[in-house]
1. Once Lys and Arg get +1 and Asp and Glu get -1 on their Cβ, which of Leu6, Val27, Val65 lies farthest toward the positive end of the dipole of the chain?
2. What is the dipole size for the chain, taken about its Cα centre, with +1 at each Lys and Arg Cβ and -1 at each Asp and Glu Cβ, in debye to the nearest 20?
3. Mind listing P(r) for the chain? All alpha-carbon pairs, 5 Å bins, whole percents.
4. With θ set to phi - 60°, apply the Karplus curve 6.51 cos²θ - 1.76 cosθ + 1.60 along the stretch 2-12 and write out the HN-Hα couplings as whole Hz, x wherever there is a Gly or Pro.
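None of the figures in this text is laboratory data; all of them are computed from the coordinates on show. This one's a predicted model, so the numbers in the text were calculated from it and none came from an experiment. Glycine also receives a Cβ, built like all others from the backbone with ideal geometry; neighbour counts cover every protein chain displayed.
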Amino acid sequence: MVSTTLDGYPCTVLAHRGAEGRIMLGVCVAEDEGNGVWWTDTGTACLGDPVLALDGRGRVVVLAVAADGSLTLARQEDGPGLTLSTWSRI
C-alpha cells in the first residue's frame, strides 16, 4: 500500500495477485474507503504478491516477480489518474 495524490485527491493505492495470477491494482480516496475501491487488472502475470513503492519523483512503482521468474516493474506515467508505463524487466 502507498499513499499518493491522484488528480488532486489524496489516494491509497493497493496491489495484490488476483485469482487469475495477474497483478490487480486498487485505488480509493484516502479517508473515504467506505465509498469503495476501484480495482483494475493490469493483465500482467506474477508469482506471489506485487510490491508498491514511490520513486524519488513521487511516482507509484509496481515491482513483481514475473511468471518466468524475472523481476519486472512499471512506473506511473505523467498525466491524469494512475496510468502505468510498459512493464520492464530488470
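1. The residue sitting farthest along the positive end of the dipole is Val65.
2. Working: 6 positive and 11 negative charges, 68 e Å.
Charge dipole, the chain, about its Cα centre: 320 debye, nearest 20.
3. Percent of Cα pairs in each bin: 3, 15, 26, 26, 18, 9, 3, 1.
4. The phi angles translate into 9, 10, 8, 10, 10, 6, x, 10, x, 10, 10 Hz.
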